[in-house]
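Accompanying notes for the structure given below.
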């Protein structure tokens, strides 16, 4: 507790002199959440969305805040952050990808599909985002579309074991089996740990 209070005090001193320092705001929000002060942490993370758009690395830092929330299981807070973020930065594929992940975890499959589709529209050559979209479609029960997208993901990178497994599971489900437990590449970086979806810098878990 003493360490947490000391960290918060040091961060407050930093923010007193540099109130728009995004990395310090990110760290402050993380410390507050970990100390059980989720309301204060939420306020810190939300304040990132009001910083000037020219703030250095602001999109990456917002995504790091969202990833922190999903890794700690705070999916509702993560979804709220990403929903606002994609309105402010409508050309940021990673933010749409984060929204898709959170919406999927909340069972909001159509919102997850919509966000994942937008991410692929913005970065059509991003194989991991294509795989994510395929898995999201499969979770939504849209198996014919999912198979087509997953076949595309495998063709883009035949060495991607996750995409190949997702395609196998999609075919299995279409044949009447259960979908299984592979998934999107974000899972290993955005969630509490296992294989599922997103880029090397963003592999999240279920």
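Across segment 65-77, the number of residues qualifying as part of a helix (DSSP H, G or I) and either surrounded by fewer than 21 Cβ atoms within 10 Å (Cβ to Cβ) or in contact (Cβ under 8 Å) with a residue 60 or more places away in the chain (or both) comes to 6.
Listed here are the residues, each with its yes/no results for (1) part of a strand (DSSP E or B); (2) at pLDDT below 55; (3) in contact with a helix residue (DSSP H, G or I) (Cβ under 8 Å, 6 or more places away or on another chain); (4) farther than 22 Å from residue 106 by Cβ.
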residue	(1), (2), (3), (4)
141	no, no, yes, no
145	no, no, yes, no
151	no, no, yes, yes
164	no, no, yes, yes
168	no, no, no, yes
176	no, no, no, yes
194	no, yes, yes, no
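When you check residue 52 against the structure, is it outside any helix (DSSP H, G or I), surrounded by fewer than 16 Cβ atoms within 10 Å (Cβ to Cβ) and free of Cβ contacts under 8 Å to residues at least 24 places away in the same chain, yes or no? Break it down stepwise before answering.
Numbers: outside any helix (DSSP H, G or I): yes; surrounded by fewer than 16 Cβ atoms within 10 Å (Cβ to Cβ): yes; free of Cβ contacts under 8 Å to residues at least 24 places away in the same chain: no.
Considered against the rule, which asks whether it is outside any helix (DSSP H, G or I), surrounded by fewer than 16 Cβ atoms within 10 Å (Cβ to Cβ) and free of Cβ contacts under 8 Å to residues at least 24 places away in the same chain, residue 52 comes out as no.
Scanning segment 107-132 for residues that are within 16 Å of the chain's Cα centre (by Cα), under 14 Å from residue 94 (Cβ atoms) and in a helix (DSSP H, G or I) turns up 115, 116, 118, 119, 120, 122, 128, 129, 132.
Would segment 28-36 turn up any residue that is in contact with a strand residue (DSSP E or B) (Cβ under 9 Å, 6 or more places away or on another chain), assigned to a helix (DSSP H, G or I) and either buried (at least 17 other Cβ atoms within 10 Å of the Cβ) or free of Cβ contacts under 8 Å to residues at least 24 places away in the same chain (or both)? Checking segment 28-36: not a single residue is in contact with a strand residue (DSSP E or B) (Cβ under 9 Å, 6 or more places away or on another chain), assigned to a helix (DSSP H, G or I) and either buried (at least 17 other Cβ atoms within 10 Å of the Cβ) or free of Cβ contacts under 8 Å to residues at least 24 places away in the same chain (or both).
The values are calculated or read from the model by the stated rules, or taken from the named source; none is laboratory data. All of these numbers come straight from a predicted model, not from anything done at the bench. Cβ atoms come from the backbone with ideal geometry, glycine included; neighbour counts cover every protein chain shown.
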